[in-house]
Every structure is written in C-alpha cells, then in structure tokens.
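One structure is given below, encoded as structure tokens.
Each reported figure results from applying straightforward, stated rules to the coordinates on display, with no laboratory input. All values reported here derive from a predicted model rather than from experimental measurement. Positions of Cβ are backbone-derived with ideal geometry, glycine not excepted, and every protein chain shown enters the neighbour counts.
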Amino acid sequence: MDGRGVPLSLVVTGANVNDGKRLDEVLSAVMVKRKRPPVRRTKHLCADAGYRSAENRRTIAEHGYIAHVVDRRQETAAKRRNPDKNARRWVVEVCHSWFNRFRKLLVRYEKLERSFVALNHLAAAIIAFRKVPLGVNIIYG
C-alpha cells in the first residue's frame, strides 16, 4: 500500500501462511513501478514486528526499500513522547477495512483461486479509483 492506503500489489495465500513468507512475492508483484528516487529521497517500507527476521530485512533491502519495522509497544511509546506524530499502522488497517466492505470477498465462496484473485483485483481497482482526485463529476459530467 502507498501512504494513502491504495493497494499496490496483491497476493492471495491460505489463511495459515505467515505473511513474512510471501514478502518477496508481494514486493515483486507491485503494479505501479516508481522512478528511481533522487539521491536525497528513498523508498520506505513500514512493517510490523512479523517482518523483523533477517531474511525479511534482506528481501526488503533487495527491492530497494528502507525498512521501518516497529512493534506496537514501540509505536505506542513514541506516540506518548510526541502526541503530534501520526501512527503509520492505520494505513494498512484502513485498506483491510475497505476490502471488507466488498461482501463477496469477506467470506471466500469461490472454488477457483483465479476467480477469487480476479475479484480481489477488481476490488483493489475500485479502491484505487476512489482515491484518484477528479476535477469533474464523472456521473453527471
């Protein structure tokens, strides 16, 4: 997800698969390729404590990101020290909430994986389209 919560890639796995095991697939599946940032700017990846392993940090570095892996306690302590600082975790939670609004995806009834993946991609496209600022109302012209 980017900073606004727009999904950039999507990988469907079983519910019993740890997220850290599929990190390379997720980062390789990013649909929106960014230009190489200038020297002073870099790409950052915020993750939770599940991505703290050396293998995950190495994968993040191989894809050109700087890892920000903070667990909830550290984030809460930082929030207490500086109440004006916004938490970064809410972006992922908000995007999950947007996906849950598509009731067809909330419980998987699809037998084929490709059907379920296609529905998830359609939902991701709708979420991304809703975040695009438009100067004109597309319904009424």
- Query: Going through the stretch 1-23 one residue at a time, which ones are small (G, A, S) and surrounded by 11 or more Cβ atoms within 10 Å (Cβ to Cβ)?
  - Reply: G5, S9, G20
- Subset of the stretch 100-117, residues within 18 Å of G14 (Cβ to Cβ) and without any contact (Cβ under 8 Å) to a residue 60 or more places away in the chain, comes to L105, L106, V107, R108, Y109, E110, K111, L112, R114, S115
